[in-house]
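Shown next, in structure tokens, is the structure this report addresses.
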Amino acid sequence: MGRPSDLTCSRCAKTFTSSRAVNLCDCGAPLLVNYDLPAVRNSWRKDDLKTAINSMWRYAPVLPADLADAVTLHEGWTPLTRANRLGRECGARNLWIKDESRNPTDSFKARGLSCAVTMAKKLGIRKLAVPSAGNAASALAAYAAAAGLEAHIFMPRDVPEANLVECQAFGANVTLVEGLIGDCARIVSERKHPEGWFEVTTLKEPYRIEGKKTMGYEIAEQFDWRLPDAILYPCGGGVGQIGMWKAFSELEQLGWIGAERPKMIAVQAAGCQPIVRAFERKLEASEIWPDANTVASGLRVPKALGDFLVLNSIRESRGAAIAVPDEAIIDAGLQLARCEGIFPAPEGGACVAALKSLLGSGYLSADERIVIFNTGSGLKYLEAYATRFSRQSASEQDKLGGLITPR
Ligand SMILES: Cc1ncc(COP(=O)(O)O)c(C=O)c1O
Ligand SMILES: [Zn+2]
């Protein structure tokens, strides 16, 4: 049970076998993984989860491999924590944080890469390549190390220092590229055939969505199968949002939830907001955002391959798409840290900034049950946060005060 029956194109519905490694459909759209859900429904019960492992592999019947075959570092099953102090400051009485910084390599990218590396290994692939804004690279490097596979990583030159050093520590082959993630992606596409690499680029590989969809299963389970009113998600490539939307549909087919859905809210940065613009203009897909720029490096995706799927989930859920400026992102990240003791990635800060704005506009109301995602750790973004703090020694402070005080 629970093995993928096949893969279907998210645009033209062409099907592909799951027994061979594939990237995109011939039409250029991402592939989605299918399961025999009626069979899973007959053999898998909510009660089975009481004794299941405390990682995302607790949902193995709807994942592409068994736990025994998984390349796992104990990803997922992250805390969903009530945020009372932050909620009070923002005016939200039922606010929750899904804290993905608790994953291996400190971000939610661990979920997708655990699944992708598991399947690559199962299908006999030895060499993996990825263009990344940072956190996906760290996760690929870690899971490739754990699986004994080669990782070839291409990141923009200004990637956070932590991601660079971490990838090198895991033994990955790292190349820094002058440009953005799209430039890194081009190099991977050009070199993959001559080098014999399999590309695990966001949405160009079907199993990262499967890992990320477990965030949707977890939210449902942690709320005792009653979905929240709204989910704020920091949207770059949109994999998590596409994955959670898929999870909710699967859960309904399993009979574990009904037809209700949370408002899916895609949060982007003011300096790179292609999804927001497409949503506002009622377009089917986004247009390339020129000169993309933001401290939230995971949101610096000028055009996502699955943009039309993200836009669908927003529209079908009567959700929203909203952009917030970098200053507000860092302010809100620090507010979350001060209020809740969670030091978030700027992408998590972006969700707090968006929450305040949507409460202010009346789109969200104080009594709704709202989940905000913190997708990574602030410790990976010290360059961004350090701009707000000085690094003075005690003696320098004394001198600045004009006095040398006895100790
Ligand atoms: C911390 C963080 N948050 C959010 C994102 C965006 O993720 P997604 O591709 O699921 O939209 C990224 C992607 O790099 C990230 O690293
Ligand atoms: Zn297609």
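The values are calculated or read from the model by the stated rules, or taken from the named source; none is laboratory data. Given the structure is predicted, the values throughout are model-derived calculations rather than measurements. In this analysis, Cβ positions are derived from the backbone assuming ideal geometry, glycine residues included, and neighbour counts consider all displayed protein chains. The area values use the complete protein model at the heavy-atom level, side chains included, leaving out ligands, DNA and RNA. Shrake-Rupley method; radii C 1.70, N 1.55, O 1.52, S 1.80 Å.
Summed over qualifying helices (DSSP H, 4 residues or more, each -39500 (n - 2.57)) and divided by its residue number, the chain shows a 222 nm mean residue ellipticity of -11500 deg cm²/dmol. The string of couplings for segment 157-170 from the Karplus curve (6.51, -1.76, 1.60, θ = phi - 60°) is 4, 8, 4, x, 3, 4, 5, 4, 5, 4, 4, 5, 4, 7 Hz, one whole number per residue in order, with x for Gly and Pro. Here the Karplus curve 6.51 cos²θ - 1.76 cosθ + 1.60, taken at θ = phi - 60°, turns the phi angles of segment 367-383 into couplings of 9, 6, 8, 10, 10, 10, 8, 9, 8, x, 9, x, 5, 7, 10, 5, 4 Hz, with x standing for Gly and Pro. Computed with a 1.4 Å probe over protein heavy atoms only, the accessible area of LYS246 comes to about 30 Å².
Taking amide H as placed 1.01 Å from N in the peptide plane, ASP6 has its amide H under 5 Å from the amide H of ASN34, each at least 5 places away in sequence or on another chain. The solvent-accessible area of TYR59, taken with every protein chain present and a 1.4 Å probe, is close to 0 Å². Each semi-axis of the equivalent ellipsoid for segment 49-176 is √(5λ) with λ an eigenvalue of the Cα gyration tensor; in descending order they amount to 29, 22, 9 Å.
Normalising the average separation of contacting C-alpha pairs (under 8 angstrom, six or more residues apart) by the number of residues puts the relative contact order of segment 1-154 at 18 percent. Its Cα gyration tensor gives segment 1-95 an equivalent ellipsoid; the semi-axes, largest first and in whole Å, are 32, 21, 14.
Per atom type, the chain shows carbon and sulfur on 50% of its accessible surface, probed at 1.4 Å. Once the 1.4 Å probe is applied to the protein heavy atoms, the chain comes out at 41 Å² accessible per residue.
Rounded to the nearest 10 degrees, the inclination of helix 326-340 to the longest alpha-carbon principal axis of the chain is 90 degrees.
Separation of segment 268-317 and segment 46-119, taken as the distance between their Cα centroids, equals 25 angstrom.
Per residue, the Cα convex hull of the chain amounts to 161 Å³.
Compute the Cα gyration tensor for segment 149-303, then decide on rounded, prolate or oblate, letting a ≥ b ≥ c be the square roots of its eigenvalues: rounded whenever a/c is under 1.5, prolate when a/b is larger than b/c in the other cases, and oblate in all that remain.
It comes out prolate by the Cα gyration axes.
Within segment 149-178, the GluC sites (Glu not before Pro) that combine a DSSP coil assignment with at most 11 other C-beta atoms in a 10 angstrom radius are GLU178. Relative to the longest principal axis of the Cα atoms of the chain, helix 135-147 runs at roughly 50 degrees. DSSP assigns beta bridges within the chain; of those with both partners inside it, close to 30 percent run antiparallel.
Dimensions of segment 122-208 from C-alpha coordinates, computed as largest minus smallest value along each principal axis and given longest first, are 34, 26, 22 Å. Between amide H atoms placed 1.01 Å from N, distances below 5 Å from ALA269 occur with VAL324, all of them 5 or more places distant or on a separate chain.
To the nearest ten degrees, helix 239-253 and the longest principal axis of the Cα atoms of the chain are 50 degrees apart.
With bins 10 Å wide beginning at 0, the percent of Cα pairs of segment 238-307 falling in each bin runs 19, 42, 25, 12, 1.
For the residue pairs LYS14/LYS98; LYS122/LYS263; LYS46/LYS263, the alpha carbons lie more than 30 Å apart in LYS14/LYS98; LYS122/LYS263. Coupling constants for segment 204-218 follow from the phi torsions by the Karplus curve (6.51 cos²θ - 1.76 cosθ + 1.60, θ = phi - 60°), and in residue order they are 8, 9, x, 8, 5, 4, 4, x, 6, 5, 4, 4, x, 4, 5 Hz; glycine and proline get x. Using heavy atoms of the protein chains and a probe of 1.4 Å, the accessible area assigned to GLU383 is about 100 Å².
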